[in-house]
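Since the structure comes first, as structure tokens, the remarks are kept for the end.
The values are calculated or read from the model by the stated rules, or taken from the named source; none is laboratory data. For clarity, every value in this text was computed on a predicted model and none was experimentally measured. FYI the Cβ positions are ideal-geometry reconstructions off the backbone, even for glycines, and counts take in every protein chain you see. The protein model used for the area step is the full one, side chains on, heavy atoms only, and it has no ligands, DNA or RNA in it. Shrake-Rupley method; radii C 1.70, N 1.55, O 1.52, S 1.80 Å.
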Amino acid sequence: MGIDSRRIQKGVVSVDHKSLSPLFDERLARPCGWPKSFLFVGRYHERKGIDILVEGYRRYRERVTDPWPLRTAGMGPLAEILAHKHGIEDLGFVAPGAMPEIWRDAGAFVLSSRYDAWPLVNVEAAAAGLPVVCTDVCGSSVETV
């Protein structure tokens, strides 16, 4: 396109694949097997479909005999929707340095957004070797799911 490569900034909207990719092997090596839990990471906001996530999880729990728990990491104005829901553990805000352990201990990632132009969290989940379940309005789903 004629742009000098020195003017192109790299790694601006990206993930630390080097630190996330080993988590898949760590997950496989667990003596108790693949983790049986869902994980949501993001802002507790209407746009992220937190109400959709909670309702979908409630329906899931009604239909299976041994449901996986749902862990959430984030914060926002709709945090109360997660409170006191059977099977849901709200971790609240998790510092970036503590996230590798959260990614490693998850069995699948879920994102219920009503709109998300490019949720980097889908890319992080994929880099961590997790199956990703997300709505079709998540822009990065084309490349990661």
Normalised by the number of residues in the range 27-100, what is the relative contact order in percent for Cα pairs under 8 Å and 6+ residues apart? 32
With labels modelled as points extended 7 Å from the Cα through the Cβ direction, what inter-label distance (nm, one decimal) is found for ASP105 paired with PHE24? 2.3
Find the relative contact order for the range 14-145 and round it to a whole percent, using C-alpha pairs within less than 8 Å whose residues are 6+ positions apart. 32
Among (1) 28, 19, 14; (2) 37, 16, 13; (3) 31, 16, 14, the entry matching semi-axes √(5λ) of the Cα gyration tensor in Å as calculated here is (1)
For LYS85, list the lysines whose Cα falls under 23 Å from its own Cα; do not include residues on the same chain fewer than 8 positions away. LYS36, LYS48
So the angle from the long Cα axis of helix 50-63 to the longest Cα principal axis of the chain, reported in degrees to the nearest 10, equals 50
Filtering trypsin sites (Lys or Arg not before Pro) in the range 1-75 by DSSP loop and by at most 16 other Cβ atoms within 10 Å leaves LYS10, LYS36, ARG43
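Quick one: pull the percent of accessible area on the range 1-104 belonging to carbon and sulfur, 1.4 Å probe, ligands and nucleic acids left out. Present the calculation step by step, with values, prior to reporting the outcome.
Values: 3990 of 7150 Å².
Taking all protein chains in place, the range 1-104 shows 56 percent carbon and sulfur surface.
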With bins 10 Å wide starting at 0, give me the P(r) of the range 76-145 over every alpha carbon pair, in whole percents. 18, 45, 36, 1
